[in-house]
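Bear in mind these aren't lab numbers, they're just calculated from the coordinates by the rules spelled out. Note that this is a predicted model, so its numbers are computed, not measured. In this analysis, Cβ positions are derived from the backbone assuming ideal geometry, glycine residues included, and neighbour counts consider all displayed protein chains.
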Amino acid sequence: MHRRTAVPAKVAASRERRARRVNKLHHGGGIRNGNGHLPHHSKHNLHENKGVWQRIIWLIVGLLIVCLLLIWGGAVFHITTSTEDSSEGIETGKQGGFGRLSLPKNALRRMRNGKSEADVPKKIADVITNEGPYTAEALRKNPHLGWQPPIVPSPLGSSFSWRTCFKAEPKSDGTDQPAGCAENPAELGDAPAVESKDWIPDVTMIRTMMMYGKDRDGNPFPPPLAKELCENIGVSGGKSGDINKECVRESMIRASGALNSSTVTISPSNHYGAEANVNQNSIEVPAPKLMCLVYTMADAHSNRIRAMRETWAGGCDGFLAFSTESDPRLPAISLEHEGPEAYTNMWQKVRSIWKFIGTHYLEDFDWFFIGGDDLYVLPHNLKTYLASLTHKDGTDPKSKEYFVGRRFNSGGNDYFNSGGAGYSLSQATLRKFLAAMDDARHCSAGAHTSMEDVMIARCLSYLGIQFTDTRDAKGRERFHPFAPGSHLHWKPPPPHGERDWYEDYNKEWGILQGKDCCAPDSVSFHYIKKASMVRHMQALLYSCGEINR
């Protein structure tokens, strides 16, 4: 049997002390009151701890509210400044001038406070315009880039009819045109002053807008055309007698490509009298660089020039109107020239135009096309024809002289290209003409006459530059001195009737009648005097589709 050994007194005392310590830990520690009991924790101390936590929670909630207020305030500031920018902008010039620059208000404030425009971040305009062409740098160079007149809807709303716009007289300046026709001078506003008498217009601005597809306010450019313009619309707005549409349909006139295209598809064999060994296949090639020039008057700015600007002008790589008043928004420039501003002095005006173009833009373009403000042009068709011509000949317009248009012969050896139908000079031809244009004997430098087309043809003939036969392979004309319907329905006079100058001027090669009057890839039509008819023609050729033509 096992016997328990007695525990020494010191060991027993140590065990008792250890047991007491464990007991203290289990019952709140070793702090006791006078009766040996555990201390009592009062409710007051618990409330103090609770209050601390409440204060912490309220502090967090307060910080969250402050953050939300800051975020809300920033959003309000962004909206209000954006609204103010669109309504205020950078006002310059007269009321109704070139408009406003779409820059943020903080950037404007920095400029107004005396800091240079270089202080404005370069990416500001890019952000606003979604990386488009209307950057701060571009607007510094040309503050009118991307400008468009405000859209003024008709108060009639959906009951407005475009036929109303056709009722104006051909020579109307637009003041009698109702809202909705986009012709009234009040909508265009006063022209802003140009920088100086040495101002050089940015002739590529309309092309830039065409390629981007929007103006600087984000609206579509060119402005969409109403479906009503696809209907039969006579010259005065009636529902019958639309002989222009009839010609487009019967002659199967079509645009050879989109206005914003940078390439053309050519048919080198589609030239009158082309040799059999010419390539019969279609070829896609880069489009030549084309500048379009229009001579006009200030009273046509708000209607005919605006209609050109908003339809076909963007198809030209450069566009410039030569007028009696400068307007950098269009753009249009007024040039000094010898003699009065009159139709009977057209030759001197055209001489000043060619001199200005040769001085400032000669090396920038391959071809230069000139005509009046009553001309409708298909620029892509013109580019296609010019590219096909040089490809067929194996030449370069920068070094080869060409004089292209609708040839006439007024008798003997007096050949010229119709000014009404418009004509083109290659870069090489313009360079050669500029060197000789002041020759009074051979180039009629001092003549005062309306026959500018005859004068330049005589000068070019002296220089050894002859006209080009621009008919297609079937003998159909591409450049037209009349409106489409007039060509479709033209008939020669009876054998003993009054002579017709048009027949006389074309006796050498004859005139095809009916649907063969006009080539499917026609380039230009004259006597499109109404801005509404320009839009009608544009709709027929680019918007309506095959079914509605």
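Observations, loosely collected:
- Extents of region 290-329, taken as max minus min of Cα coordinates on every principal axis and listed largest first, are 25, 16, 15 Å.
- Restricting region 461-549 to chymotrypsin sites (Phe, Trp or Tyr not before Pro) in coil, as DSSP defines it, with at most 13 other Cβ within 10 Å: Trp509
- Taking N as the residue count of region 449-549, its C-alpha radius of gyration divided by 2.2 N^0.38 Å amounts to 1.28.
- Using every pair of separate Cα atoms, the Kirkwood estimate puts the hydrodynamic radius of region 315-454 at 16.0 angstrom.
- Using the Cβ-Cβ distance between Ser196 and Leu64 with R0 set to 51 Å, the FRET efficiency works out to roughly 0.30.
- When the trypsin sites (Lys or Arg not before Pro) in region 386-479 are filtered for DSSP coil states and for at most 13 other beta-carbon atoms within 10 Å of their beta-carbon, the remaining sites are Lys474.
- In a DSSP loop and with at most 13 other Cβ atoms within 10 Å, the GluC sites (Glu not before Pro) in region 171-214 are Glu195.
- Semi-axes of the equivalent ellipsoid of region 288-356 are 21, 15, 9 Å, computed as sqrt(5λ) over the eigenvalues of the C-alpha gyration tensor in descending order.
- Over region 137-281, the fraction of Cα-Cα pairs per 5 Å bin, rounded to whole percents and listed from the shortest bin up, is 2, 7, 10, 13, 15, 15, 14, 10, 8, 5, 2, 1, 0.
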